[in-house]
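Asks: I have a structure I would like to understand better, so I am pasting it below and will then ask my questions one at a time.
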């Protein structure tokens, strides 16, 4: 399996040249941002683990990545969600469908009549009994955990080696943030090498993202960009501009990008390019393309008439 040293390709978007780190090509099932975060779980031995436990959205990229990881390791995945929409149950697609096909157990707490959040349920009920956590490994939502540093440090090393091979003096690395884990650890391992990391807050605002950085115990943070048009981007909300940018990216680069996070980052980069016209930029492909299936259908229902 190819789980490192993804290629770097060069593209042009909206008149700006950039390099693209193709982490969408890591592995057919275990790719992108989440694969880097969960790399330690794949490569290290956990002889006593039989069950992987996670939580989040029924269409989360992490659901599919954890399902693929569990299959590769021979584990069972229990993934807790607050609710599975009836339309998704009747017409499964995207990450939800793919994870089920990999054997994931996706537990709908609303269907169980439980009012607790998935995180609360896991901590207060699923793992509360003395023997309930035997053989279990719990992964926080989105992989926001120090365990993610292993794989992201490897990504940083690949970027440094590429910069050396290209004989570059400096480089800026860009990627969007949910929990901010990848951006934070990339910054930690690249800042001493004259490589700047920039990101944007796709879940909540700048203050929330800074709080996520702080929760991982790092005092030096990457630069957080915002769009001049939408300084705060509401996660999961459909924005016509996002859909247009996503379509334009695919048309101009001939590469499909992730639809939930990437468009907002590119809006932020439009402003950044104005003040950094000569700066070399590498964009980290987020993977997560299976999630585009359901997201694109939502956009088509709203904007394609």
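No lab work stands behind these numbers, since they all come straight from the coordinates. These numbers were taken from a predicted model, which means no experiment stands behind them. Backbone-built Cβ (ideal geometry, glycine too); neighbour counts: all protein chains shown.
Asks: Normalising by the residue count of the chain, find the relative contact order in percent from Cα pairs under 8 Å and 6+ residues apart.
Replies: After rounding, I find 21 percent.
Asks: How would you rank 149, 158, going from fewest to most other Cβ atoms within 10 Å of each one's own Cβ?
Replies: 158, 149
Asks: Report, in whole Å, the centroid distance computed from the Cα atoms of segment 28-46 and segment 142-205.
Replies: Segment 28-46 and segment 142-205 have Cα centres spaced 16 Å from each other.
Asks: Which of rounded, prolate, oblate describes segment 39-138, given a ≥ b ≥ c as roots of the alpha-carbon gyration tensor eigenvalues and a/c under 1.5 marking rounded, otherwise prolate only if a/b is larger than b/c?
Replies: Here segment 39-138 falls in the oblate category.
Asks: For residue 91 paired with residue 220, estimate the spin-label separation in nm (one decimal), with each label point 7 Å from Cα along the Cα-to-Cβ line.
Replies: 5.0 nm
Asks: Something else about it: Is the shape of segment 207-276 rounded, prolate or oblate, going by the alpha carbon gyration tensor and its root eigenvalues a ≥ b ≥ c, with a/c under 1.5 for rounded and a/b larger than b/c for prolate?
Replies: prolate
Asks: Same structure again: Would you work out if segment 243-305 is rounded, prolate or oblate? Take a ≥ b ≥ c from the square roots of the eigenvalues of the alpha-carbon gyration tensor; rounded if a/c is under 1.5, else prolate when a/b is larger than b/c, oblate otherwise.
Replies: Cα axes put segment 243-305 in the prolate bin.
Asks: Can I ask one more? How tilted is helix 262-275 with respect to the longest principal axis of the chain? Cα atoms for both, answer in degrees (0 to 90, nearest 10).
Replies: Rounded to the nearest ten degrees, it is 20.
Asks: Need the C-alpha centroid separation for segment 238-298 versus segment 60-102, integer Å.
Replies: Answer, in whole Å: 25.
Asks: Continuing with the same structure: Would you work out the relative contact order for segment 208-305, in percent, from Cα pairs under 8 angstrom that are 6 or more residues apart?
Replies: Result for segment 208-305 is 29 percent.
Asks: Related question: Return a whole-number percent for the relative contact order of segment 39-138, with Cα pairs under 8 Å and 6 or more residues apart as the contact set.
Replies: Relative contact order of segment 39-138: 34 percent.
Asks: Another question about this same structure. Separation between the residue 274 and residue 123 pseudo-spin-labels, each 7 Å from Cα along Cα→Cβ, expressed in nm?
Replies: 4.2 nm
Asks: Summing -39500 (n - 2.57) over the DSSP H runs of n ≥ 4 in the chain and dividing by its residue number, what mean residue ellipticity at 222 nm do you reach, to the nearest 500 deg cm²/dmol?
Replies: For the chain, the value works out to -11500 deg cm²/dmol.
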